[in-house]
Amino acid sequence: MRWARQDESSRGPQLEPVLQAVRCHFLAPHFLQEQVRNCALVKNHPKCCDYLSKVIQDLTLHKRYSCCLERLPNVPSILYVAGGYLRRSLSTIECFSAVSQRWSVLPNLPLERSGPGGVFLQGLLYVVGGRVLRPPRDFGEDVSTVHCFDPATKQWSEKCSMGVPRHRLGVAVLDGRLYAVAGSHGTNCLSSVERYDPAKDEWTNVASLSKPRYGLGTAVVRRWLYAIGGCNSTEKFGIVERYHPETDKWEAVSSLHIPRSGAGTVALGKYIYVIGGYDGRGQVSSVERYDTDTDTWHSVAPLKYRRSALSAAVLGGKIYALGGYDGQEYLSTVEVYDPDRDEWTAGPSMPSCKSGHASCTSPAPCLLHRVT
């Protein structure tokens, strides 16, 4: 936009093809709507308004946009593992570099917790909710606390707390906002969902799930937020719901073949993978893949080892299944899935055993390109 403003008379007519080159389909609709309403440069050129309006329509209708590919970062990505449980709640933060194939330890969480959610949002690691358990002194306290880690400065800060404490919740980022989905608070199983706006540092309630549950998985594909599986105190669920931000409503889609809780859940391309978990009888190694285009589930290669309360993340186009509990022991082992070969192989183990941890990935921090 600055380029066009420098010489609007000659560059303005070229703005539409420039906009097509910046992958507008990967921007949030509310941001694009603000540009159409408020940007004088866009308003002065009707073709730009028409193009952005078409992009907004495509996004709100969740259309496929194969005309442009999502840009991959040109720096290596880092995998982060936060918190967890090993006979007590953990405050550890560990990170893994796919380039060096090594793990390293980062500054501890300000508050230890198991069963938190973890996501990257605008270059910062958010660790959300969880349970503080320090046996034998107490039975644990579920928290609404949100801590934020800046990988560039290696500093923690505290953000606005959720409205409700949540343990074993699902978290995801959609349109630049963080969603905290269901979970448990003490003996209460939750169906409520909150949304965090980092610009305002505030949470607001959105539509609730149809069924209260914890230990569920969450993933986002084409601006749909999926809530998958989970459990209550008596039952494991295979139900899957997806959230439409335009209508603030959840709708049911095809259920898992095997009801489960405590599975690792990730999105990769148009697919969602649900990995391992607990089916009510024991830990499972099975993996199911959901095709968001056809609303169908299919089995893919199972894990080599059964595990629940694991975490999963995508790094370099492969899926990492990390740690968890196998029914007898807490695990540090890592398995890596190659979707092209439909095969799991052993990866470098984490520095310590744990279950009930959060994991996510982000490009390695680069101070040179940092916006201050």
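The values are calculated or read from the model by the stated rules, or taken from the named source; none is laboratory data. Since the model is a prediction, treat every value here as computed from it, not as a measurement. Reconstructed Cβ throughout: ideal geometry from the backbone, glycine too, with neighbour counts over all protein chains shown.
For region 92-103, a tally of residues being assigned to a strand (DSSP E or B) and under 22 Å from the mean Cα position of the chain (by Cα) returns 6. Counting only residues that are crowded, with 24+ Cβ neighbours inside 10 Å, among the small types (G, A, S) and assigned to a loop (DSSP other than H, G, I, E, B), region 106-140 holds 3 of them. For the condition in the same structural domain as V128 (by TED's automatic domain parsing) and in contact with a Phe, Trp or Tyr (Cβ under 7 Å, 6 or more places away or on another chain), R242 qualifies. Filter region 164-200 down to residues that are of a type in the set (D, E) and over 19 Å from I228 (Cβ atoms) and give me whichever is surrounded by the most Cβ atoms within 10 Å (Cβ to Cβ). Restricting to residues being of a type in the set (D, E) and over 19 Å from I228 (Cβ atoms), the top hit is D175. For region 83-122, taking the residues that are in contact with an Asp or Glu (Cβ under 8 Å, 6 or more places away or on another chain) and not polar (S, T, N, Q), the one that is farthest from G183 (Cα to Cα) is identified as W103. Scanning region 147-161 turns up at least one residue that is without any contact (Cβ under 8 Å) to a residue 60 or more places away in the chain, within 28 Å of P107 (Cα to Cα), of a type in the set (K, R) and crowded, with 18+ Cβ neighbours inside 10 Å. From S308, S285, S355, which residue is polar (S, T, N, Q), within 18 Å of L216 (Cα to Cα) and free of Cβ contacts under 8 Å to residues at least 40 places away in the same chain? Within the list S308, S285, S355, the selection yields S285. Residues in region 146-166 that are in contact with a strand residue (DSSP E or B) (Cβ under 8 Å, 6 or more places away or on another chain) and either of a type in the set (A, V, I, L, M) or in a strand (DSSP E or B) (or both): V146, H147, C148, F149, D150, Q155, W156, S157, E158, K159, M162, V164. Checking each residue in region 260-313 for being surrounded by 19 or more Cβ atoms within 10 Å (Cβ to Cβ), polar (S, T, N, Q) and touching a Lys or Arg at 6+ places or on another chain (Cβ under 6 Å) picks out S261, Q283, T292.
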